[in-house]
Amino acid sequence: MTTMILVENVAKTFTLHNQGGVRLPVFDNVNFSVEAGEALVLAGASGAGKSSLLRILYGNYRPTSGEIRITHAGRAIDIVSAVPRTVLDIRRRTLGFVSQFLRVIPRVSALDIVRDPLLARGASADEASERAKAMLARLNLPERLWHLAPATFSGGEQQRVNIARSFVDPSPIMLIDEPTASLDAANRDVVVELISEARAAGSAIVGIFHDEAVRERVATRYLDITDFRKAA
Amino acid sequence: MTIHQSIPGEDTKPAYNYAYLDEQTKRMIRRALLKAVAVPGYQVPFGSREMPLARGWGTGGIQITAAIIGPDDKLKVIDQGADDTTNAVSIRRFFERTADATTTEMTEDATIIQTRHRIPEAPLTSGQIMVYQVPQPEPLRKLEPRELETRKMHAWAEYGLMQVKLYENIARFGEVTTTYDYPVSVNGRYVMAPSPIPKFDNPKMHMSPSLQLFGAGREKRIYAVPPHTSVRSLDFEDHPFRIQSWAEPCGLCGAKDSYLDEVVTDDQGGRMFVCSDSHYCETRREQGHRGTMLADASASGLVEAKS
Amino acid sequence: MTVHVPPPDATLDPDPLLSVAGISRFYGERIGCADVSFELWPGEVLGIVGESGSGKSTLLRCLAGIDKPDAGEVLFRGSGEPLDIYSVSEQERRRLMRTAWGIVHQNPRDGLRMDVSAGGNVGERLMDRGDRHYGKIRDTALDWLTRVEIAENRIDDRPRQFSGGMQQRLQIARVLVSEPKLVFMDEPTGGLDVSVQARLLDLLRVLVRDLGLAAIIVTHDLAVARLLTDRLMVMKDGHVVEQGLTDQVLDDPHHAYTQLLTSAVLSV
């Protein structure tokens, strides 16, 4: 087994300078690792810091202390201390983030949004289009929407575009935050399948899933972050 | 050079220094000329003096001529190609009176040819000096109004903007419509305004055996093209420089190789094309060349019927 | 479905394109910018954000070589030996400006020749570098007008006849036609309506990515920074108070001033 993520002694405290310097400790002394082919589901009550931890793994939030080693192109790199361009390279090639929300970019069609990661990794335009279309079809996004910019789509439609973009070419590490929140049962099933397929192909998965049924079907292991909270 | 000074009251001539300018001024101008010759196409600033005619009427050319003329010189002055126009006559008389100069209308006899608007059709020879009157010496001025900036552009040969002007012409009219003062590159280095000569005359500057001096009195600049120096008209590879051509030859002398002016002959819409270089045209007629309209023109008194 | 395995030897560029060390500029007693240092790699887009008077425009003018700082050094590695941009001759600096560098001004009038046609504006940099084939220059200009979404039949119109958004797009085409390695942009969407801004931002985003441009963008608009930049420097009173990945700085701001900036904006 390849260790894809190794978290050592991570702590996070928010300091709100403009509200009297109030300090909000989130967690302390976080230690865990994730192997390739695993699906680690983060557990814990709402507000326990699951999303914050996921964002720290992505290099979006900066931990107050600790290291996070990401296996990138065969080397373990600490994403906390890495320079911005290294972080961007890790995200481009190793580390995918699937959020609940699609960041809508003006004037870019759904199909182009899904094609984009394939093109960025060097796929030909034709191949990228074929795979993108197949993925949108699988997620039941009506074909008439493919060439439109998703700004006017419903929440569920936007979410499916976002999932298609993330799973059209799964990264070695996938960080997933509530991907099924506003999906119907059929599409939820598709998402569960996509996650399982990515895992079977060797991706390391770390996710947050509110829906208990989804959680049960996806998880190979649980991590309750409430444990780290007590120490904080 | 002998300093010629007449004594007031002794005769009718006023007491001007030889060739009007004082010797110090002539030296200053000669120094500017030497630098200009040494750096072909480069505009040398000089202390332009007040002359007894308005700036813009050839004061730059007159100052250069005054600085280089001597008693042995033969001066020809042309304006619009003609020796007999007011300005040409006045300038010739000016140097006859102030420099005891011999004047001539014969291109091949002249040692100094001061000109506005034309280069004579007859080939220039080694030892002759062309003096051009220049209203605007800065070829980039219309494109870039700041003097400091144009100086930097020349200093570092940043001439893309000049090409933009030609581009604009072709884009708008299908060809470069600049027909006079057409910019040239001198010795492969400086872009230079050739003064308001027609672009027809540009090729005559290239590798000319004569020394070419340019004076801009109002703008206080002198520049030069030494003999046998490359003078290339700016163009594009796919829109090469071309000179004007006419469908018919000169109506008076039948020349097909000279620059023609259109002359209206009556109020009935009659017109003819004749050489703008009056000396060249006359010489050809004296040699027996006949244009198709020579008889008409003689009859109507437009040209003197010469035997 | 297979997991994409990154190629083992996809090495990043070893040297930064721009190395900035200790740039300071003072206006008498007042600080323009103080002790700014950073490195910029090929293809990176750096945003400089802060309020009016924070020193971001002063810094940009120093970086772009328009002003000389009172202290500090900027090394540019375009090709061959690194150039110290303050010690090279003005001639060399001007040459850089016309070739490897580009500046997109906030006001398109500062970056365009208003009396020259759109085609001539785009073609100038080509003619600067010695291109002398009218047909090829025009074809390249047409191609660039298309890329910035200006209709081909406007090629002979002058910028005066264009809307503000079109003028800005024309300015961008004029700068990018020479395929610069580094572009400086000063509030590129500054004077434009919101709807026009969106189009321009998207265009810039695509061009920057497709051309692999390195860019330094000064803006007070955090949404612009979010969309266009990889990294962010936050300036206050002439000092860089925080820097990092754009999403780090905007989503998890550490400095009091950055927290104030981000909280003052509706969801970016």
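I'd like to check something: does region A:66-84 contain any residue that is in contact (Cβ under 8 Å) with a residue 24 or more places away in the chain, in a helix (DSSP H, G or I) and of a type in the set (V, I, T)? No, that holds for no residue. Considering (1) more than 19 Å from the chain's Cα centre (by Cα); (2) at the interface with chain B (Cβ under 9 Å from one of its Cβ atoms), the lone condition that C:G80 does not fulfil carries the number (2).
For region B:42-57, give me the residue count where each residue is crowded, with 16+ Cβ neighbours inside 10 Å and under 29 Å from B:A157 (Cα atoms).
The total comes to 5.
The set of residues in region B:22-78 being within 21 Å of B:G127 (Cα to Cα) and assigned to a loop (DSSP other than H, G, I, E, B) consists of B:V39, B:P40, B:G41, B:I69, B:G70, B:P71, B:D72, B:D73. Picking from residues in region C:132-165 that are assigned to a helix (DSSP H, G or I) and either acidic (D, E) or in contact (Cβ under 8 Å) with a residue 40 or more places away in the chain (or both), the one that is surrounded by the most Cβ atoms within 10 Å (Cβ to Cβ) is C:P159. Only one entry of B:A32, B:A54 meets the criterion of being in contact (Cβ under 8 Å) with a residue 24 or more places away in the chain and of a type in the set (G, A, S), and that entry is B:A32.
One line per residue, one yes/no per condition, for (1) touching a strand residue (DSSP E or B) at 6+ places or on another chain (Cβ under 6 Å); (2) surrounded by fewer than 18 Cβ atoms within 10 Å (Cβ to Cβ); (3) among the hydroxyl-bearing types (S, T, Y); (4) at pLDDT below 95:
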{"residue": "B:R93", "(1), (2), (3), (4)": "no, yes, no, yes"}
{"residue": "B:R97", "(1), (2), (3), (4)": "no, yes, no, yes"}
{"residue": "B:I112", "(1), (2), (3), (4)": "yes, no, no, no"}
{"residue": "B:H117", "(1), (2), (3), (4)": "no, no, no, yes"}
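Of the residues that make up region A:167-186, is at least one within 28 Å of A:G74 (Cα to Cα) and among the aromatic types (F, W, Y)? Yes, region A:167-186 contains a residue that is within 28 Å of A:G74 (Cα to Cα) and among the aromatic types (F, W, Y). The set of residues in region B:228-253 being more than 21 Å from B:L124 (Cα to Cα), within 14 Å of chain C (Cβ to nearest Cβ) and either buried (at least 16 other Cβ atoms within 10 Å of the Cβ) or of a type in the set (D, E) (or both) consists of B:L234, B:D235, B:F236, B:E237, B:D238, B:H239, B:F241.
Listed conditions (1) in contact with a helix residue (DSSP H, G or I) (Cβ under 9 Å, 6 or more places away or on another chain); (2) crowded, with 19+ Cβ neighbours inside 10 Å are all met by C:L96, apart from (1). When A:L183, A:L175, A:L148 are screened for being crowded, with 23+ Cβ neighbours inside 10 Å and either at pLDDT below 95 or not in a helix (DSSP H, G or I) (or both), only A:L175 passes.
Let's see how each residue does on (1) within 11 Å of chain B (Cβ to nearest Cβ); (2) under 12 Å from C:Q171 (Cβ atoms); (3) assigned to a helix (DSSP H, G or I):
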| position | (1), (2), (3) |
| --- | --- |
| C:V88 | no, no, no |
| C:R94 | yes, no, yes |
| C:I103 | no, yes, no |
| C:D115 | yes, no, no |
| C:N121 | yes, yes, yes |
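With respect to the conditions (1) surrounded by 17 or more Cβ atoms within 10 Å (Cβ to Cβ); (2) farther than 26 Å from C:L145 by Cα; (3) within 13 Å of chain A (Cβ to nearest Cβ), C:M235 falls short on a single one, namely (3). Scanning region C:44-58 for residues that are of a type in the set (G, A, S) and closer than 15 Å to C:T246 by Cα gives C:G47, C:G50. Pairs are defined by a Cβ separation below 8 Å, a sequence spacing of at least 6 or placement on different chains, a first member in region A:181-209 that is over 22 Å from A:L223 (Cβ atoms) and in contact (Cβ under 8 Å) with a residue 24 or more places away in the chain, and a second member that is surrounded by 17 or more Cβ atoms within 10 Å (Cβ to Cβ) and of a type in the set (V, I, T); the pairs so defined are A:L183/A:V191; A:N187/A:T180; A:R188/A:T180; A:R188/A:V214; A:A201/C:V3.
Taken together, the residues in region A:1-23 that are more than 12 Å from chain C (Cβ to nearest Cβ) and touching a Leu at 6+ places or on another chain (Cβ under 7 Å) amount to 1.
Scanning region A:196-221 for residues that are of a type in the set (A, V, I, L, M, F, W, C), within 17 Å of A:L175 (Cβ to Cβ), in a helix (DSSP H, G or I) and within 11 Å of chain C (Cβ to nearest Cβ) returns a single hit, A:A198. Among the residues examined, B:E121 does not qualify as touching a residue at least 24 places away in the same chain (Cβ under 8 Å), under 21 Å from C:D115 (Cβ atoms) and acidic (D, E).
The values are calculated or read from the model by the stated rules, or taken from the named source; none is laboratory data. Predicted model only: the values in this text are computed from it and were never measured. With ideal geometry, Cβ positions are generated from the backbone for all residues, glycine too; neighbour counts draw on all protein chains shown.
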